[in-house]
Structure formats: structure tokens, C-alpha cells
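> Structure in C-alpha cells, see below.
The values are calculated or read from the model by the stated rules, or taken from the named source; none is laboratory data. In this text the structure is predicted, and so the values were computed from the model without any measurement. Note: ideal-geometry Cβ built from the backbone for every residue, glycine included; neighbour counts use all protein chains shown.
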């Protein structure tokens, strides 16, 4: 009985059990970890959940729909099918409670039998909620249910700034993306083509490819953000796909994307970016090469040196001297293969540097090179 009494308090108490805290910006913020609907520790077996709800109704004569149908939402979130079946028999139960959150929670928890019950209930209003039902179904790739809702025509799949296709793109649900694109109301270029940005950021290649087939989508939107996201994530295949669109400029902002790739040590991305002649590997006083040498990024250095525009002998061979100082033997070897370095550098300074640092491997390499 004590468990039922505790449960009654959980069902009927206010959402927040602590006062809002003041943030560093002086704003009041709720601690979402304290939200009663978020606590996994209240999970019980389906049998115990059913017994508790039954006791609340029969013994305590409690309004089980209190707090915007919290008991019902709780059952949908944790997959308590017997509880959902029982509560749906109550004419007061609203399956669209709390902006259709039961649908969202049943999708998120992969409780698809419960989802089916909700969608079949005539009391469900699919038009309310944010995110709306279509967005929830698209997020969790529930294609059969999504087709049915779209066929009814009651819910706008473009609601919330085309949130549904954005969410489907973000989660990589290709089937949902394709299905939504069949609806003329859906505009994948809404919100400055944020759907392609979401796909690029999360490396969903096929979703990005499908979106780019729609001429309304601009993969260069927001100053080539999609390519920036792909570069930052090291997603070389995504970079290559985006660069097939003539609107995408990998040299934007003074070839900053190349610098980003070099700093992140993504050699394959560096190589892909350099396939576009607009990308200049020498920008910002050869910042990309300087950083790669300093950090010992051998493959990045190798790729940069393969570009004829890059001169490793700049600043009176300061780069190879830096590599010697840091003990990057393989990079020293790469740089000395360039005749501009080998013919202009002072061998004595390099050998002395290796000796001072007692780097025998590097010393042996330098002696072999300059004997030739």
C-alpha cells in the first residue's frame, strides 16, 4: 500500500520539485533532471504499474487524469501496455494530452503497440503539438504510421518551419525524408536549407544526396555551413558530395576550410578540398603547413607539399628547422625531398639541432641525406 501512496504523490505533485536556479547570465532556469517525468528510477514492472494505477482508481478514488494525464503519459513513456489499455477505457482520458506527448514518448521508447493504440483512438487530435505527430513519426522512422497520417491530410507536414524533414534529415531517416518530399507542402529549403546542414553535420550521405536532388535546396546556404560541418567532422565522402554542386565554394573565407581540416588532422579532407583549384593552401602565411609541421601531422604535410603552390623553404627554411627542433623525423625527410629546401638550407644547422637534442634517428637521416 505504501508504494501506491508514494505513486499517488508522484502522479499528482507539481512538475518541479525544486525552485528554479539563477544562471550565470542572471536568468531563472529549471533543473530538467528534477522533472518528475524524466526520472528513470520510477520505472517499475508492467504488473506493478498496473496494480498501482488500479489501486489509485479503486481504493483512493483518485482522479487519474490529474497533472495533464501524467499517469497516462508515464505509461506510454515506459511501455506499460496494460496500463495504457486500462486508461484508454476511461472516457476522460485524452490520448493527445500534453500536446500529444504520449505519441512522442511511445515512439521514443519504441513502444509501437502503444503507438498503434494511440493512433487508432478517435479522441486523438493529430493536429496539435510541437513537435507535431508527423515530426515525431519522422524522427523515429515510423514509415507505416507516417504514411497513414499524411494520407489523412489533417496534419501539415510543413508545420514549424518544415520541422519534420529537418528532424528526419538530422536523424538520417532516408525513408521518412523521401516520403515527406513526396508531399507538395514540404519545402526542404525552408529555414535557409537547414535540412541539408543537419544531414551534413551528422554524415548522413544518402539523405544529403536525396536532398540535393531537390533544386530548392541550397547546399551553400549560410556561407557554406554544410561543407564546414562536413569538414569539421572529417566526413570526406560528404565533402566530396557537397563539392559536386557548383554553388558550394570550398575556398570561402580565404580558404578557411582547408585550415580547419589541417588543424583537425584530417588528411583525406585536406586532399579532397585541394581538388578544387580555388582552394589556396598558402593562405594566412602558410598557416596550414605551419600548424601541421608543428603538430607532427605527417600525412597532412605530405599532401600540402604535393601542391606546387606550397613552398616549404619559406622564411629561410624556418619550417624544416622547426621540424628538427620538435623531432619530427618523417616530416624533416619529406621537406628535404623538395629541392627548394635541400638546395638552400644550411645542413650544419640541422645536424647541430639534431645533435643538441640527442635525436640519433634524425641525426642519422640528415647525415645520409647530405652525403648524397
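> Scanning for something at pLDDT 95 or above and closer than 22 Å to residue 82 by Cα, does the stretch 148-160 turn up at least one residue?
Within the stretch 148-160 (the criterion being at pLDDT 95 or above and closer than 22 Å to residue 82 by Cα), the answer is no, since none of the residues qualifies.
> Only one of these conditions is not met by residue 170: (1) modelled with pLDDT of 95 or more; (2) buried (at least 21 other Cβ atoms within 10 Å of the Cβ); (3) under 21 Å from the mean Cα position of the chain (by Cα). Which number is it?
All conditions pass for residue 170, except number (2).
> To continue, here is another question. In the set 194, 224, 265, which member is farther than 30 Å from residue 138 by Cα and either at pLDDT 95 or above or not in a helix (DSSP H, G or I) (or both)? Outline the logic, then answer.
Values: 194 fails: farther than 30 Å from residue 138 by Cα; 224 fails: farther than 30 Å from residue 138 by Cα.
After applying the criteria, what remains is 265.
> Only one of (1) crowded, with 22+ Cβ neighbours inside 10 Å; (2) at pLDDT 95 or above fails for residue 132. Which number is that?
Condition not satisfied by residue 132: (2).
> Does residue 245 satisfy the condition of being closer than 23 Å to residue 173 by Cβ, assigned to a loop (DSSP other than H, G, I, E, B) and either in the same structural domain as residue 172 (by the TED database) or in contact (Cβ under 8 Å) with a residue 24 or more places away in the chain (or both)?
yes
> Of the conditions (1) surrounded by fewer than 21 Cβ atoms within 10 Å (Cβ to Cβ); (2) in contact with a helix residue (DSSP H, G or I) (Cβ under 8 Å, 6 or more places away or on another chain); (3) under 25 Å from residue 237 (Cβ atoms), residue 284 clears all except one; give me its number.
Evaluating residue 284 over (1) surrounded by fewer than 21 Cβ atoms within 10 Å (Cβ to Cβ); (2) in contact with a helix residue (DSSP H, G or I) (Cβ under 8 Å, 6 or more places away or on another chain); (3) under 25 Å from residue 237 (Cβ atoms) leaves (3) as the failure.
> Scan the stretch 54-74 residue by residue and report those that are in contact (Cβ under 8 Å) with a residue 40 or more places away in the chain and in a helix (DSSP H, G or I).
Hits for the stretch 54-74 are 55, 56, 66, 67, 70, 71, 74.
Listed here are the residues, each with its yes/no results for (1) assigned to a loop (DSSP other than H, G, I, E, B); (2) in the same structural domain as residue 187 (by the TED database); (3) in contact (Cβ under 8 Å) with a residue 12 or more places away in the chain; (4) closer than 27 Å to residue 194 by Cα.
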{"position": "100", "(1), (2), (3), (4)": "no, no, yes, yes"}
{"position": "103", "(1), (2), (3), (4)": "no, no, yes, yes"}
{"position": "114", "(1), (2), (3), (4)": "no, no, yes, no"}
{"position": "138", "(1), (2), (3), (4)": "no, yes, yes, yes"}
{"position": "145", "(1), (2), (3), (4)": "no, yes, yes, yes"}
{"position": "149", "(1), (2), (3), (4)": "no, yes, yes, yes"}
{"position": "154", "(1), (2), (3), (4)": "yes, yes, yes, yes"}
{"position": "163", "(1), (2), (3), (4)": "no, yes, yes, yes"}
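> Which members of the stretch 327-363 meet the condition of being surrounded by fewer than 17 Cβ atoms within 10 Å (Cβ to Cβ) and within 38 Å of the chain's Cα centre (by Cα)?
327, 330
> Has the stretch 321-328 got any residue that is within 30 Å of residue 196 (Cα to Cα) and free of Cβ contacts under 8 Å to residues at least 40 places away in the same chain?
No - not one qualifying residue is present in the stretch 321-328.
> Counting just the residues of the stretch 111-129 that are at pLDDT 95 or above and within 28 Å of the chain's Cα centre (by Cα), which one comes out surrounded by the fewest Cβ atoms within 10 Å (Cβ to Cβ)?
The selected residue is 112.
> Output the number of residues of the stretch 308-326 satisfying the condition of being closer than 20 Å to residue 261 by Cα and exposed (fewer than 15 other Cβ atoms within 10 Å of the Cβ).
2
> Among the residues of the stretch 75-93 satisfying the criterion of being part of a loop (DSSP other than H, G, I, E, B) and in contact with a helix residue (DSSP H, G or I) (Cβ under 6 Å, 6 or more places away or on another chain), which is surrounded by the most Cβ atoms within 10 Å (Cβ to Cβ)?
80
> So which of 218, 187 is surrounded by 15 or more Cβ atoms within 10 Å (Cβ to Cβ), in contact with a helix residue (DSSP H, G or I) (Cβ under 6 Å, 6 or more places away or on another chain), within 23 Å of residue 232 (Cα to Cα) and not assigned by the TED database to the domain that holds residue 91?
So the residue among 218, 187 that is surrounded by 15 or more Cβ atoms within 10 Å (Cβ to Cβ), in contact with a helix residue (DSSP H, G or I) (Cβ under 6 Å, 6 or more places away or on another chain), within 23 Å of residue 232 (Cα to Cα) and not assigned by the TED database to the domain that holds residue 91 is 218.
> Would you call residue 167 outside the structural domain of residue 85 (by the TED database) and assigned to a loop (DSSP other than H, G, I, E, B)? Reasoning before the result, please.
On the way: outside the structural domain of residue 85 (by the TED database): yes; assigned to a loop (DSSP other than H, G, I, E, B): no.
No: the conditions fail for residue 167.
> Within the stretch 201-214, can one find any residue that is out of contact with any helix residue (DSSP H, G or I) (no Cβ under 8 Å at 6 or more places or on another chain) and free of Cβ contacts under 8 Å to residues at least 60 places away in the same chain?
Yes: the stretch 201-214 contains one or more residues that are out of contact with any helix residue (DSSP H, G or I) (no Cβ under 8 Å at 6 or more places or on another chain) and free of Cβ contacts under 8 Å to residues at least 60 places away in the same chain.
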